[in-house]
1. Roughly speaking, what is the stretch gain from GLN137 to GLU278, that is 0.36 nm per residue apart minus the C-alpha to C-alpha distance, in nm to one decimal?
2. Going toward the positive end of the dipole of the range 168-395, with +1 on Lys and Arg Cβ and -1 on Asp and Glu Cβ, which of SER316, LEU355, LEU204 do you reach last?
3. Among rounded, prolate and oblate, which fits the range 168-395 when a ≥ b ≥ c are the square roots of the eigenvalues of its C-alpha gyration tensor, a/c under 1.5 means rounded, and a/b larger than b/c means prolate?
4. Please report the antiparallel percentage of DSSP beta bridges with both residues in the range 168-395, rounded to the nearest 5.
5. Only sites in a loop by DSSP and with at most 10 other Cβ atoms within 10 Å count here; which chymotrypsin sites (Phe, Trp or Tyr not before Pro) in the range 32-121 make the cut?
6. On average, how much accessible surface per residue is there in the range 168-395, in Å², for a 1.4 Å probe, leaving out ligands, DNA and RNA?
7. Give me the net charge for the shell around SER318: Cβ to Cβ below 11 angstrom, other residues only, Lys and Arg +1, Asp and Glu -1.
8. Around ASN32, with a cut-off of 14 angstrom between Cβ atoms, what is the net charge of the other residues, counting Lys and Arg +1 and Asp and Glu -1?
Amino acid sequence: MEVQGTYSEELNLIKLSFAKTTPDLPPTMQLNQLIDYKVETKANGVLIDFNFSRDSPKFEYIKSNKESTSYLTIAQSSLTDELLFSKTFKKSYPIKSIQPILLPQSIIQFTIEFNTKEFKILSSSATLSKPNQIRIQVNFKSDIKSIYESEQRASQTQHLVDERQKWNLDVITLDAGHGGKDPGANGSTGLLEKNVSLAISLKLAQILKEQFPHIKIIFTRDTDKFVPLDERGKIANEHQSKLFISLHCNASSNISAYGVEVYLLGLHKTEAALAIAERENSVINAEVDFKTRYESYTEENLITLTMAQNAFITQSHSLAELVHSEITFNTGQQPRGVRQAGFMVLWTPSMPSILVETGYITNKDEEKFLASEEGQNKIAQSIANAIAKYKNKYEAQ
Ligand SMILES: [Zn+2]
């Protein structure tokens, strides 16, 4: 009982037309159980084989006008629960979906949707290919090149989506240097580095929240508490941050030294950079278990790590340059440059990371500036400007 023809896509009509051609069954009639169905692709078509427990399943095959959908209706049949689930196929596949439904009077209907966007369906038909098997054969125009190209397109689009996801600046970790029992450096009037770094961090977060409401801000600390150096990067990693910004104040025995430096992780190229890194790293002495905790933080490992983090170096450098020029332009502070040094706090974050020395707390004038609301606001706003520029630069790609 194979019927082929055009169809108005109205499901109820199928039931009616089927009901007319199906005589009433004696109640004792055993149902022919659908055991499974298998889909197999060929170079120029698809075969869908429906296997039954007994011979001679009764079926009807109807196609829609545009060959985009067909319906296989099987009478006096049953199927297991797991076959009742719809199947959807990947975008590059010639079939979009196979959806079974159970109709009254032990009728099962499969709606088969074809992928007419990527494939030109030439014909489809259903036959009894074995005594207990219904085979739907779908022929499409075989154009390997266009199929290949469409697959390439699909995977490229996906790749672009992934890349964009990667560069979607959605999480930033702000790391206020020092804290708690570790005050950092201090100024002549008693200003503590830990308080300046926290104040700038909170102000920066506020500006970023207003300017980029969709960016999530993570703090390594937002109160006066002690956080080990290696914990800070871990917090950023756990939240899958896209940027890590560590805020500090510089210090020198030369009280006339002043200005701004921005660092990225690397081998120190000057003795001055080494001295600053050593001072910032010395906080680990405040950690009880620092000897075992930072065992692997050797100069040798720093070389390896710097190479491993090469992927982030370009971006870290780019952000460092932006932050350095924004701060010095907006505050008038002395530009001391972008440098590399082995700051331990920059070892753990797996993302572009910088450390900002916002000014010399040991310089009387700069201490005053760093202590002021105005100074802190200007620095915070400058870093936010730099992040906005960085975002444009990298998200646009
Ligand atoms: Zn510091």
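1. Answer, rounded to one decimal: 43.4 nm.
2. LEU204
3. Here the range 168-395 falls in the rounded category.
4. That works out to approximately 20 percent antiparallel.
5. When the chymotrypsin sites (Phe, Trp or Tyr not before Pro) of the range 32-121 are filtered for loop state and at most 10 Cβ neighbours within 10 Å, PHE85 remain.
6. Value for the range 168-395: 42 Å² per residue.
7. +1
8. Neighbour charge sum, excluding ASN32 itself: +1.
The values are calculated or read from the model by the stated rules, or taken from the named source; none is laboratory data. Predicted model, so just to flag it, every value in this text is computed and none were measured. Ideal geometry is used to build each Cβ from the backbone, glycine not excepted, and the neighbour counts take in all protein chains shown. These accessible areas exclude ligands, DNA and RNA; they are computed on the full protein's heavy atoms, side chains included. Shrake-Rupley method; radii C 1.70, N 1.55, O 1.52, S 1.80 Å.
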